[in-house]
Amino acid sequence: TQKASRCTAQEKPSSGQTCEEEAAFEQRDVEWDAFCVKLAVELCGLYIYDCPAGGPSNNCPTGATVVEGGDAVAFNSNNATTVGPNAECGSGKGDLQIHNDLWYEFTAPANGTLVSSTCSTADFDTKIALYDVGDGTYDPNDLPTLFVACNEDGPDCENATSLLEVLVEEGTTYLVRLGGYLGASGNGTISFEFTPEAAACGDPNAGDCCEPAITPFCSDGACCDLVCSIDVFC
């Protein structure tokens, strides 16, 4: 059903809207329309993925820059837009958003630890978050459920910059999200350091003794012990 509006130009609607806005509201069909969706997103903390055109190439998670352990990437977030959902970073003033975000993609070559850092390498107050996207095939609307961890202020980092250290699993793809606190943006460098998990001699997952690997030890326990007794760096 529809209702006629009682609002006139001389009256102030109780909703705080203009007469035209209230009239449009009151004339709507009874349905869960775009107006209801807008209210649901705002009031219930829901998230709808929207990737705007323009901005840096990695302005959106679907265009994330692929990185590896040991990479250090210069960035400028001044023209970036805010694309991702709210994320709990322990921020002050209730600021749950990571503003003007840039995105990076890392696939773990082994079980280990990934450190994503702007610690003393950016000129503004940064935030860094990490999302687990499995094999890399995911629905961006699900980003809130894929959230793993976030850091705003790293220990002993200048300019309230960030350092996020997370355990990662071999073969799993992760999105690293870099942005600012309270709408901040700027320039800097973000680094990615990966440290593989130490296995042990004879561990089936340690790799073939006849093949070089980025991890220590190999799967043949007797051979591994012999080699490591001569060269501890193995």
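The values are calculated or read from the model by the stated rules, or taken from the named source; none is laboratory data. Remember, predicted model here, so these are calculated numbers, not experimental data. Glycine also receives a Cβ, built like all others from the backbone with ideal geometry; neighbour counts cover every protein chain displayed. Just so you know, the surface numbers come from the protein's heavy atoms only, side chains and all, with ligands and any DNA or RNA stripped out. Shrake-Rupley method; radii C 1.70, N 1.55, O 1.52, S 1.80 Å.
Assuming R0 = 22 Å, can you tell me the calculated FRET efficiency for the pair residue 51 and residue 93, based on Cβ-Cβ distance, to the nearest 0.05?
Efficiency for this residue pair is about 0.20.
Sorted largest first by accessible area at a 1.4 angstrom probe radius, with every protein chain in place, the residues 230, 214, 98 fall in the order 230, 214, 98. Report the label-to-label distance for residue 230 and residue 189 in nanometres (one decimal), using points 7 Å from each Cα along the Cα→Cβ vector. For residue 230 paired with residue 189, the spin-label model returns 3.9 nm.
Among DSSP beta bridges lying fully in the range 37-175, give the percent that are antiparallel, nearest 5. Please list the in-between numbers first.
Values: 15 of 17 bridges.
So the antiparallel bridges in the range 37-175 amount to around 90 percent.
Against the empirical curve 2.2 N^0.38 Å, the C-alpha radius of gyration of the chain lands at a ratio of 1.41. If a/c stays under 1.5 just call it rounded; otherwise compare a/b with b/c (prolate if a/b is bigger, oblate if not). Do that for the range 93-167, with a ≥ b ≥ c from the square roots of the Cα gyration tensor eigenvalues. Since a/c reaches 1.5 but b/c is at least a/b, the shape of the range 93-167 is classed as oblate.
With a ≥ b ≥ c taken as the square roots of the eigenvalues of the C-alpha gyration tensor of the range 172-234, please select rounded if a/c is under 1.5 and otherwise prolate if a/b is larger than b/c or oblate if it is not? Since a/c reaches 1.5 and a/b is larger than b/c, the shape of the range 172-234 is classed as prolate.
Note the direction-averaged projected area, equal to a quarter of the hull surface, for the Cα convex hull of the range 100-223, in nm². Mean projected area for the range 100-223: 8.9 nm², to one decimal. Looking only at the range 142-163, which residues have a backbone nitrogen under 16 Å from a spot 7 Å from the Cα of residue 182 in the C-beta direction? Output list for this probe position: 152-153, 159-161.
Just the number, please: carbon plus sulfur as a percent of the accessible area of the chain, 1.4 Å probe, no ligands or DNA/RNA counted.
Values: 6790 of 13030 Å².
Carbon plus sulfur share of accessible area: 52 percent.
If you sort 82, 172 by accessible surface, 1.4 Å probe, largest first, the order is 82, 172.
Sort out for me the Cα centre separation of the range 92-135 from the range 177-208, rounded to whole Å. Taking the Cα centre of each part, the range 92-135 and the range 177-208 sit 10 Å apart. Taking every protein chain into account, the accessible area of the chain amounts to 56 square angstrom per residue (probe 1.4 Å).
Based on the Kirkwood approach, the hydrodynamic radius assigned to the range 18-94 is 16.6 Å, with every pair of different Cα atoms included. Estimated from helical segments only, the mean residue ellipticity of the chain at 222 nm is -4000 deg cm²/dmol, where each DSSP H run of four or more residues counts as -39500 (n - 2.57). Selection among 192, 216, 121 by position relative to the dipole of the range 121-234 gives 121 as farthest towards the positive end (Cβ unit charges, Cα centre).
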